[in-house]
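As structure tokens, the structure follows; a few thoughts come after it.
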């Protein structure tokens, strides 16, 4: 099927699903499975204790930056 839209907003709204059916959920499941294969979640094991929320946020930020750098360097 080919759809024509006059604006980007029209095209974006056409993607919305207000009454999802079984096929919709199967597609979402497949999308998440593909995303996990392309970029599997990697979590460090263990329990981490932080004195402040700022310290925890800094730790998370550094972990995310390192994860992105590892992804770039592996390409």
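Checked against (1) surrounded by 10 or more Cβ atoms within 10 Å (Cβ to Cβ); (2) over 21 Å from the mean Cα position of the chain (by Cα); (3) within 25 Å of residue 2 (Cα to Cα), residue 55 passes all but condition (3). Number of residues in region 43-52 that are under 20 Å from residue 70 (Cβ atoms) and surrounded by 10 or more Cβ atoms within 10 Å (Cβ to Cβ): the value is 1.
Computed from the coordinates by the stated procedures, all read-outs in this text should not be read as laboratory data. Note that the coordinates shown come from a computational prediction; the quantities given were computed from them, not determined experimentally. All Cβ positions, even for glycine, are placed from backbone atoms using ideal geometry, and neighbour counts span all protein chains on display.
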